[in-house]
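The values are calculated or read from the model by the stated rules, or taken from the named source; none is laboratory data. Just so it is clear, the structure is predicted and the values come from calculations on it, not from any experiment. Don't worry about glycine lacking a Cβ; one is built from the backbone with ideal geometry, like all the others, and counts go over all protein chains shown. The accessibility values were calculated without ligands, DNA or RNA, using every heavy atom of the protein model including side chains. Shrake-Rupley method; radii C 1.70, N 1.55, O 1.52, S 1.80 Å.
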Amino acid sequence: MLQSMWSILGAAGLAIAARPVKRLDNGLALTPPMGWNSYNHYTCVPNASIIESNAKALKDLGLADLGYYYVTTDCGWTSPYRTKAGKLTWNETMFPDGFPALGDYIHSLDLGFGVYSDSGTLMCMAGLPNQTGSLYHEETDADTFAEWGAGLLKYDNCYSSKARVQDYARSAPEWRTIWRQINQFPPSAGYAGPGQWPDLDMLEVGNNIFTEPEEQTHFSLWAIAKSPLTIGCALKDTFTTASDSSLAILKNADVIAINQDSLGKAVNLTRRYTNAQSTFGQSINGKLFLPDAGIQSAGRIKDIWNDKTATDIVTSYSQTIAAHGTLLLELADTTPAGTYKTDRCGHFTGGTITYKHVYGITDSDEYTLTVNLSGASDQKITVEVWSSASSNPQKVQASSGTTSAQITLQAGDTNTITLKTSAKVDSIEVSPPIGKFYG
Ligand SMILES: *[C@@H]1O[C@H](CO)[C@@H](O)[C@H](O)[C@H]1NC(C)=O
Ligand SMILES: *[C@@H]1O[C@H](CO)[C@@H](O)[C@H](O)[C@H]1NC(C)=O
Ligand SMILES: *[C@@H]1O[C@H](CO)[C@@H](O)[C@H](O)[C@H]1NC(C)=O
Ligand SMILES: *[C@@H]1O[C@H](CO)[C@@H](O)[C@H](O)[C@H]1NC(C)=O
Ligand SMILES: *[C@@H]1O[C@H](CO)[C@@H](O)[C@H](O)[C@H]1NC(C)=O
């Protein structure tokens, strides 16, 4: 996968930035760009019939209707040298009708015409004839692309400095490269927003490299990171047709909707389990503790890849996860971690309210329980805390109003809290111990 930067061409042409600058407020790329690019399948040897048949397939397979729009010809489209007028021009063997005609064809399908160049002296062309890059020709090239009706530029970084000359080397698209890409993402998470998106590079879904669960994981990560979603497989050419299973992944409307959400906020890494069994190639019985993501309960969980919905979930959600697979959940009507609303989490039995699945992040006797009453009351409340580790409950007293007690919880979600009271309890709140670090 090549490292690349995307720009969207506006009427004013191309802006080159060496360090992060405020985005152009030009109304473009308000959500991450979606489309198709020739590189991942065809490398730097594109030709007109490849681009045209894939553009048509984008339309015929219903992908265009889901938002995939820009059709971009990657490296290998140019002739090695500029014209006498100093302009980039196409390889006439591969594009006999010319690049503007290719743009016209793509536009005739109501799709966007994407072009490719490089910020260095040469384009990325591993082993093929050298082709001139855009360095010192930026304005000319932006004008040329605009003349041809291009709407998107993929702008690579090969040969942009001495140190980067070798950067064009194509790394093998293996499973670990998915993690390399996603590991590089967290520092950029905060920059995502309308007009500016972290580009994790083109998708490998459909290239027969990954299993179905791996393709789901890859597509999910790109989508929630708010990366452009650029299909990189052969949708259709003389020899190849994308598989139904890969197409179903690329067409998952829920995942696309997360990526295209108008708020434009990217996810960030919350917690990493270094001993995650799924990396060892077997399916696991996954139990996701919602408090690890800052949430205690959800009125509704949509389990996207398993295509099911659960309601009134408290503390944890369990599901079998295939090797290298992903649990992608959309939660609605949530409460913050530590807050157990009585109407969702409490069970009444004559004078007692029971809260099950109370979460402990670790074994500790330093949790604080706060009881939030709906109205005034001067009653004493007896609190019993049960955990699977002890046969007898811990008993503490809480007094009137909003009251606190120190309680003991076990790690996990097997703790139960019982309140003996006839007062109306709105919610209980359980705060974890404050960690102390001894250096
Ligand atoms: C275009 O590329 C395809 C796929 O690599 C190839 O089969 C075909 O021969 C190429 N056409 C030309 C004109 O090079
Ligand atoms: C056109 O592209 C083909 C395939 O990459 C290459 O072999 C050929 O040398 C190119 N022609 C020119 C004039 O660059
Ligand atoms: C292609 O560019 C590289 C890097 O500048 C250079 O070392 C090489 O000699 C060039 N090859 C040709 C045929 O111009
Ligand atoms: C995302 O997480 C990384 C690593 O934990 C951190 O450096 C970065 O500041 C976070 N970004 C945001 C926007 O929270
Ligand atoms: C306590 O309960 C009242 C309703 O009785 C509610 O408005 C308030 O938000 C609750 N406070 C907390 C911290 O849960």
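Annotations
- K380-E92 pseudo-label distance in nm [points 7 Å out on the Cα-to-Cβ vector]: 9.9 nm
- Legend: P(r) of region 280-336 from all alpha carbon pair distances, 10 Å bins from 0, whole percents, reading 24, 54, 20, 2.
- Sites H347 and T238 - FRET efficiency at Förster radius 56 Å, r taken between beta-carbons, to 0.05: 0.30
- At q = 0.10, 0.14, 0.18, 0.21 Å⁻¹, base-10 log of I(q)/I(0) for region 53-189 (Debye sum, equal scatterers on each alpha carbon): -0.40, -0.78, -1.14, -1.29
- Separation of alpha-carbon centers, region 111-129 and region 343-381, rounded to whole Å: 62 Å
- Area of D378 that stays accessible when all protein chains are in place (1.4 Å probe, Å², to 10): 140 Å²
- Placing one equal scatterer on every Cα of region 117-267 and applying the Debye formula, the log10 ratio I(q)/I(0) at q = 0.10 Å⁻¹ is -0.44.
- Cα centre as origin, Lys/Arg/Asp/Glu Cβ charges: region 339-431 dipole, Debye: 300 debye
- Annotation: per residue accessible area for region 5-259 equals 44 Å², rounded to a whole number [probe 1.4 Å, protein chains only].
- Candidate residues T83, T421, T241: accessible-area rank, largest first, probe 1.4 Å: T241, T83, T421
- Cα pair distances in region 46-88, grouped into 5 Å bins until the bin that holds the longest one, percent each: 5, 20, 21, 16, 14, 10, 8, 5, 1
- Other residues whose C-beta falls under 14 angstrom from the C-beta of D141 contribute a net charge of -3, scoring Lys and Arg +1 and Asp and Glu -1.
- Over all other residues within a Cβ to Cβ distance under 14 Å of Y355, the charged ones net out to -2, with Lys and Arg as +1 and Asp and Glu as -1.
- Quarter of Cα convex hull surface for region 225-345, i.e. mean projection, nm²: 9.5 nm²
- Distance from region 66-80 to region 321-339 (C-alpha centre basis), Å: 36 Å
- Per principal axis, descending, Cα span of the chain in whole Å: 91, 42, 40
- In the chain, the portion of solvent-accessible area held by carbon and sulfur atoms comes to 52 percent [1.4 Å probe, whole percent, DNA, RNA and ligands not counted].
- Range in the chain, longest, excluding exposed GluC sites (Glu not before Pro) [loop by DSSP; at most 13 other beta-carbon atoms within 10 Å]: 175-439
- For region 208-254, alpha-carbon Rg over 2.2 N^0.38 Å: 1.16
- Start at zero, step by 10 Å, and the Cα-Cα distances of region 5-259 spread as 7, 32, 39, 21, 2, 0 percent across the bins.
- On the beta carbon distance between S49 and T362, with R0 = 60 Å, the FRET formula returns roughly 0.45.
- Here the Kirkwood formula puts the hydrodynamic radius of region 20-110 at 14.7 Å, using every distinct Cα pair.
- Region 280-336 - accessible surface per residue (Å², probe 1.4 Å): 49 Å²
- The residues of region 339-431 have, on average, 50 Å² of accessible surface per residue, using a 1.4 Å probe with all protein chains present.
- Mean residue ellipticity, 222 nm, helices only, the chain: the sum of -39500 (n - 2.57) across DSSP H runs of n ≥ 4, divided by residue count and rounded to 500, is -5000 deg cm²/dmol.
- Cβ-derived FRET efficiency at R0 56 Å, E139 paired with R271, nearest 0.05: 0.75
- The simple spin-label model puts a point 7 Å past each Cα toward its Cβ; for N208 and H107 those points are separated by 3.7 nm.
- Cross-link pairs K154/K226; K302/K424; K56/K265; K59/K265; K59/K87; K356/K380 - those with Cα-Cα distance over 25 Å: K302/K424; K56/K265; K59/K265; K59/K87
- Annotation: for a label point projected 7 angstrom from Cα along Cα→Cβ of Q406, residues of region 365-393 with backbone N closer than 17 Å are 365-371, 383, 385.
- Cα point-scatterer Debye curve for region 339-431, base-10 log of I(q)/I(0) at q = 0.16 Å⁻¹: -0.56
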